[in-house]
1. Is there a simple number for the mean count of other chain Cβ atoms within 10 Å of the Cβ of residues in A:74-81, and what is it?
2. Run the simple label-point estimate for B:ARG87 and B:THR16 please: 7 Å along Cα→C-beta, distance reported in nm.
3. Could you compute the FRET efficiency for B:ARG24 and A:ASP5, with r as their C-beta to C-beta distance and R0 at 25 Å, rounded to 0.05?
4. Taking 0.36 nm per residue of sequence separation and subtracting the Cα-Cα distance, how much length would be gained by fully extending the chain between B:ALA39 and B:SER149, in nm to one decimal?
5. Give the carbon-plus-sulfur fraction of the accessible surface of chain B in %, rounded to a whole number; probe 1.4 Å, heavy atoms of protein chains only.
6. What number, in percent, do you get for the relative contact order of segment B:3-151 if the mean sequence gap of Cα pairs under 8 Å and at least 6 apart is divided by its residue count?
7. How long are the three semi-axes of the equivalent ellipsoid for the protein assembly as shown, computed from the Cα gyration tensor as the root of 5 times each eigenvalue, in whole Å, largest first?
8. Starting from the Cα of A:ASP131, step 7 Å along the direction of its Cβ; do the same at A:TYR60; then give the gap between the two resulting points in nm.
2 protein chains.
Amino acid sequence: MRARDLAEEYPLVQLTDDALTAARLIADQRRPGVVVVDAEGRPVTVLPGSQVLRFIIPGYVQEDPSLARVYDEKGSAQACISKLEGRTVKELLPPKEKRYELPKVSGDATVIECAAMMARLHSPLLLVSDDDTVHGVVTTSHLLKVILSTTGKAP
Amino acid sequence: MRARDLAEEYPLVQLTDDALTAARLIADQRRPGVVVVDAEGRPVTVLPGSQVLRFIIPGYVQEDPSLARVYDEKGSAQACISKLEGRTVKELLPPKEKRYELPKVSGDATVIECAAMMARLHSPLLLVSDDDTVHGVVTTSHLLKVILSTTGKAP
């Protein structure tokens, strides 16, 4: 079995897409993040939900979360939404040197090769792509399932 | 809305539980990991799927995933499974100083407080607990959903 057979569809966004739409995609699809691609469809990085939160929650509240208690819930949620309005996905991303290394394998990577890459990068997901073709994403749990289901018996 | 209202049930394992059973739990429930609790039910850390992979994939293959290509798939999967056999969850965990900080809030934390904690620790999930009661886990996507659904209109 190869990485391209394991890859599952995963939400993709472009760098120029609307930031609020990307945030809603993460929220609606119950995903930990989305894969960001450039205009040619080449994968750039992963935008995790926690990065969206970093962008919308004021820095001093991140430093001291107990400050959040003094906020009115509805008012602060609206302030968060308005921070995303009119922004692009590119603006949400951390500066290039602080971006998440995108764990990536080619379509013909083996199961153990995928596992080794995830283990090394401590990543819960792995992008499977060849040049400008994104095959999808493999999650740790899916990979564990494949490894643990492999037995010595004839298939 | 408070953290305890947002908390969703999440798989818990004890330090003394069987490692292979914990790995199967991650695989079968399609979760990024499980929450580890001690004998008194107090949360200790999170065991992510990637840590299970770090334990079962030989170090030299993690360093150079292309080495994985020379392995026979069935044989190497069996070698991975046998590494888990007879081990406990505690043995799977990294040494204490290298464990994941467990992002945690109390049951009465506000939505923004949860978001601030996740943003600060770059975490895709947050444990909600009071003393020895684990209420469950809040994911980034769920929290984003709550924030993005909050509008100025009357509820």
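The values are calculated or read from the model by the stated rules, or taken from the named source; none is laboratory data. A quick note: this is a predicted structure, and the numbers were derived from the prediction, not measured. Don't worry about glycine lacking a Cβ; one is built from the backbone with ideal geometry, like all the others, and counts go over all protein chains shown. Protein only, heavy atoms only, side chains kept; ligands, DNA and RNA dropped before computing areas. Shrake-Rupley method; radii C 1.70, N 1.55, O 1.52, S 1.80 Å.
1. That average works out to 5.
2. So the label points at B:ARG87 and B:THR16 sit 2.0 nm apart.
3. Numbers: r = 22 Å, r/R0 = 0.86.
In this case the efficiency is close to 0.70.
4. Numbers: separation 110, 0.36 × 110 = 39.60 nm, distance 3.89 nm.
Between B:ALA39 and B:SER149, full extension yields an extra 35.7 nm.
5. On the way: 3590 of 7230 Å².
About 50 percent, which is the carbon plus sulfur part of the accessible surface.
6. Value for segment B:3-151: 32 percent.
7. Values: eigenvalues 224, 130, 41 Å².
Equivalent ellipsoid of the protein assembly as shown: 33, 26, 14 Å, largest first.
8. For A:ASP131 paired with A:TYR60, the spin-label model returns 5.3 nm.
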